[in-house]
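First the structure, in the form of structure tokens, and then the observations on it.
The values are calculated or read from the model by the stated rules, or taken from the named source; none is laboratory data. Computed from a predicted model, the values in this text were never measured in an experiment. Because the Cβ atoms are built from the backbone with ideal geometry, glycine has one as well, and the counts that use them run over all protein chains shown. Protein only, heavy atoms only, side chains kept; ligands, DNA and RNA dropped before computing areas. Shrake-Rupley method; radii C 1.70, N 1.55, O 1.52, S 1.80 Å.
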Amino acid sequence: MAKPRVSFHDFTSCEGCQLQVLNCEDELLGIVGAVDIVNFREAIDEKSDEYDIAFIEGAFTRESDRKRLEHIRKCAKIVVALGACACTGGLNVLKNFRGIDESMKKVYGEAASWYETSPALPIEAAIKVDVKINGCPIPKQEFLEVVKSVLAGRTPQIPDYPVCVECKLRENVCLFQKGEYCMGVVAKAGCNAWCPSYGGRCYACRGLITDFNKNAAKDVLAEYGLTLEQVMAEFRMFNGVFPVAEPPADGALKS
Amino acid sequence: MLPQILPKSKFDEFVGSLSADNRVVAPMAKGPAFAFQEVQTPEDQAAIRMDYDLSILPPKKFLMPQRETLLSFGGRGPENVQPQVQAKPTVILGVQPMDLHAIATLDAAMAKDPADPYYQAKRAVTKIVGLNVAQYANDYQFMADMDTLDAPASGWDLFLTDLGDRWFVEVGSEAGQAMITKCAGFSPAKSDDHAAKVAFDKAKAAACSKRLPYDARYLPELLANSYDSLLWNAVARRCFSCGSCTNVCPTCYCFDVQDKLGLDAASGERVRSWDSCQLRVFAEVAGGENFREHADSRLRHRVFRKGKFILERTGKPGCVGCGRCSTHCVAGISILETFQQIADEAAAEI
Ligand code: SF4
Ligand code: SF4
Ligand code: SF4
Ligand code: SF4
Ligand code: SF4
């Protein structure tokens, strides 16, 4: 059987997720042995339109990118969204709340009119996505799980439960018990509770679990001293594309 | 063997004698809390905190680790499968009475229907040094109600009570007796030692009063009455379904099994890890059907497991009153409070 051809593409992002792929030092040789990498700007400069699996990094934030995304979709059998930018728009979505014009002025100043931009969106807004690897940046282990599953032709095992699970299994002291707060209660696990394990709080960079309890998020965070505005800011940080980040109706968060 | 006395000055020597042919694990500080950790260096030994109040995870993690490899496979077909039953001779130092009761519950649950060889292999080479407690760690605990303030009759090897400058050491097994004979620091307890131990237990009983408004033997029936109560929905409004309550519980033993593949897509490992009935995905089956889709039915299920089902299945308590679930619930959901509330539920229905 011919080796699957793999290609990496980047859109609006910091390219940190592609660096995470290169960080898979122990397994990288195995991957290179199992697949043919045809495009990877961070590591090689070959250019090809013949590939089976496309990893797309970065948010969809220019209308002119739609064509390129559609082209990739046409070439690839499997499209994998790589990282928060591609999966949810990531941090880029913050500019949507600030207003596009103001963001442009802030970033490009006088030259703002030279550039094209539109509200940041997940690539799913332009094309169909088959697999999502969440996180800012992606956890290496999840990238490997997806590669192995695609090679074996099975559905990758990606958690849909809160970061708290991994946090408790690592026996961390909860940030709430230290008088701080944390989005781990609503964030998707899979990073092995990366941030709380190093003493930082979780910002839900991996997105929100299905059916998260928004009442509890609002009520409980309020008991820990957060205003509704602060709760909203927590949601907007990485999950601004979801209804929960919209202004609440009658004091209740939207779902 | 009759109870012994170990002067505190000889405690390090005792731990050293255990380390000779065992992995020794003991409570140590972890931030503002405590966790059982391996004693590997003299610094670790100095960090042992026999005055700890409550560990984040129970000592269960040494009998059923958070993640463990069950078998490895080199390819397809049964001839390529290698079982991986791992068991290191271990001494768990400082297990409190409630956690001794919880281990007895796990022993019973893992003994049959079906027997769990992974647990049993570890249990067989684990020696337990229990530790008496003087008072509750916080307001969420209710060991007096669950009758877990004192050590169970068996299931431990030594049991230590702090008498100030010395440990009062009860011996619960032959392995415990062997531990005593291996260390020169022990001498038989005298009458004033016995009197001090009796006084300790008396003070403990006085300090740890009951907190349920009923006798815990009625708990299973009260729960059964509360099945259709609105209480579950009211409590679950705050519940994140995050699973912390079950992950820290000393009697929870649910797990998930997954195959982790290698890059050749043929070899790999079968791994089990702790699972939780509080997670939305727990009761989801092929095709997307979910038997406990909503947080209230999941929360009720946990409370029923703790207060009724495990007891009925194993004959041992499903809840030992340690209060960990409530201590670690971000939403402050307290099982003691829930147990208290169902008493009124039953009264309201009559
Ligand atoms: S998800 Fe984060 S790390 Fe990855 S490309 Fe976007 S900004 Fe960079
Ligand atoms: S620190 Fe965050 S992730 Fe960890 S248990 Fe607390 S809320 Fe959950
Ligand atoms: S702990 Fe939260 S913010 Fe940190 S990597 Fe995991 S999901 Fe992202
Ligand atoms: S720890 Fe609290 S919030 Fe989390 S599942 Fe348990 S009861 Fe619900
Ligand atoms: S249910 Fe709660 S109080 Fe009861 S044994 Fe488990 S953690 Fe302890």
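Numbers at a glance
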item: Scan of region B:61-75 for residues that are away from chain A (no Cβ under 14 Å) and part of a loop (DSSP other than H, G, I, E, B), ordered by number; result: B:Leu63, B:Gly74
item: Residue match in region B:165-178 (condition: part of a loop (DSSP other than H, G, I, E, B) and either of a type in the set (A, V, I, L, M) or within 16 Å of ligand 5 (Cβ to nearest atom) (or both)); result: no
item: Residue in region A:239-255 that is among the acidic types (Asp, Glu) and in contact with a helix residue (DSSP H, G or I) (Cβ under 9 Å, 6 or more places away or on another chain) present; result: yes
item: Members of region B:43-72 that are β-branched (Val, Ile, Thr) and more than 16 Å from ligand 2 (Cβ to nearest atom); result: B:Ile48, B:Thr69
item: Hits in region A:216-232 - residues which are within 11 Å of chain B (Cβ to nearest Cβ), assigned to a helix (DSSP H, G or I) and open to solvent by 60 Å² or more (accessible area, probe 1.4 Å); result: A:Glu223
item: Region B:315-347 - residue that is within 14 Å of chain A (Cβ to nearest Cβ) and assigned to a helix (DSSP H, G or I) and, of those, farthest from ligand 5 (Cβ to nearest atom); result: B:Thr327
item: Sole residue being within 16 Å of ligand 5 (Cβ to nearest atom) and assigned to a helix (DSSP H, G or I), chosen from B:Cys252, B:Cys245; result: B:Cys245
item: Matching residues, region B:74-114, being farther than 30 Å from B:Phe142 by Cβ, open to solvent by less than 50 Å² (accessible area, probe 1.4 Å) and hydrophobic (A, V, I, L, M, F, W, C); result: B:Ala87
item: Breaking point among (1) within 16 Å of ligand 5 (Cβ to nearest atom); (2) surrounded by 18 or more Cβ atoms within 10 Å (Cβ to Cβ), for B:Leu261; result: (1)
item: In region A:134-173, the residues that are within 7 Å of another protein chain (Cβ to nearest Cβ), among the hydrophobic types (A, V, I, L, M, F, W, C) and in contact with a helix residue (DSSP H, G or I) (Cβ under 7 Å, 6 or more places away or on another chain); result: A:Leu151, A:Cys164, A:Val165, A:Leu169
item: Residues located in region A:83-102, provided they are assigned to a helix (DSSP H, G or I) and either surrounded by fewer than 14 Cβ atoms within 10 Å (Cβ to Cβ) or away from ligand 1 (no atom under 16 Å from the Cβ) (or both); result: A:Phe97, A:Arg98, A:Ile100, A:Asp101, A:Glu102
item: Flag if A:Met183 is over 30 Å from A:Ala76 (Cβ atoms), more than 16 Å from ligand 5 (Cβ to nearest atom), open to solvent by less than 10 Å² (accessible area, probe 1.4 Å) and more than 12 Å from every other protein chain (Cβ to nearest Cβ); result: no
item: Within region B:13-32, considering residues that are part of a strand (DSSP E or B) and open to solvent by 20 Å² or more (accessible area, probe 1.4 Å), the one nearest to the other protein chains (Cβ to nearest Cβ); result: B:Lys30
item: Any hit, region B:233-254, residues being open to solvent by 50 Å² or more (accessible area, probe 1.4 Å), more than 14 Å from every other protein chain (Cβ to nearest Cβ) and more than 16 Å from ligand 2 (Cβ to nearest atom); result: no
item: All positions within region B:252-286 that are more than 15 Å from ligand 4 (Cβ to nearest atom) and either β-branched (Val, Ile, Thr) or in the same structural domain as B:Ile103 (by TED's automatic domain parsing) (or both); result: B:Val257, B:Val271, B:Val285
item: Residue within region A:44-64 that is over 22 Å from the mean Cα position of the chain (by Cα), over 30 Å from B:Gly262 (Cβ atoms), within 16 Å of ligand 1 (Cβ to nearest atom) and open to solvent by 30 Å² or more (accessible area, probe 1.4 Å) present; result: no
item: The listed residue being within 24 Å of B:Ile342 (Cβ to Cβ), without any contact (Cβ under 8 Å) to a residue 40 or more places away in the chain and more than 16 Å from ligand 4 (Cβ to nearest atom), out of B:Glu221, B:Glu289; result: B:Glu221
item: Where A:Phe97 falls short, out of the listed (1) among the aromatic types (Phe, Trp, Tyr); (2) under 30 Å from A:Ala233 (Cα atoms); (3) modelled with pLDDT of 90 or more; result: (3)
item: Residues within region A:136-195 that are within 12 Å of ligand 3 (Cβ to nearest atom), farther than 22 Å from A:Ala217 by Cβ and over 22 Å from the mean Cα position of the chain (by Cα), tallied; result: 1
item: All positions within region B:135-150 that are assigned to a loop (DSSP other than H, G, I, E, B), of a type in the set (A, V, I, L, M) and crowded, with 22+ Cβ neighbours inside 10 Å; result: B:Leu149
item: Only listed residue being within 16 Å of ligand 4 (Cβ to nearest atom) and either open to solvent by 60 Å² or more (accessible area, probe 1.4 Å) or in contact (Cβ under 8 Å) with a residue 40 or more places away in the chain (or both), chosen from A:Val131, A:Val163, A:Val80, A:Val147; result: A:Val163
item: Any chance A:Phe176 is of a type in the set (Phe, Trp, Tyr), within 11 Å of ligand 2 (Cβ to nearest atom) and assigned to a helix (DSSP H, G or I); result: yes
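Quick grid of which residues meet (1) part of a strand (DSSP E or B); (2) more than 16 Å from ligand 5 (Cβ to nearest atom); (3) out of contact with any strand residue (DSSP E or B) (no Cβ under 7 Å at 6 or more places or on another chain):
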{"position": "A:Gln20", "(1), (2), (3)": "no, yes, yes"}
{"position": "A:Leu29", "(1), (2), (3)": "no, yes, yes"}
{"position": "A:Val32", "(1), (2), (3)": "no, yes, yes"}
{"position": "A:Ile37", "(1), (2), (3)": "yes, yes, no"}
{"position": "A:Ser48", "(1), (2), (3)": "no, yes, no"}
{"position": "A:Arg68", "(1), (2), (3)": "no, yes, yes"}
{"position": "A:Arg73", "(1), (2), (3)": "no, yes, no"}
{"position": "A:Ala81", "(1), (2), (3)": "yes, yes, no"}
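Results for (1) within 27 Å of B:Trp156 (Cα to Cα); (2) modelled with pLDDT of 95 or more, shown as yes or no for each residue.
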residue: B:Phe36; (1), (2): yes, yes
residue: B:Val39; (1), (2): yes, yes
residue: B:Ile48; (1), (2): yes, yes
residue: B:Pro59; (1), (2): yes, yes
residue: B:Pro65; (1), (2): yes, yes
residue: B:Gly75; (1), (2): no, no
residue: B:Gln84; (1), (2): yes, no
residue: B:Thr90; (1), (2): yes, yes
residue: B:Asp99; (1), (2): yes, yes
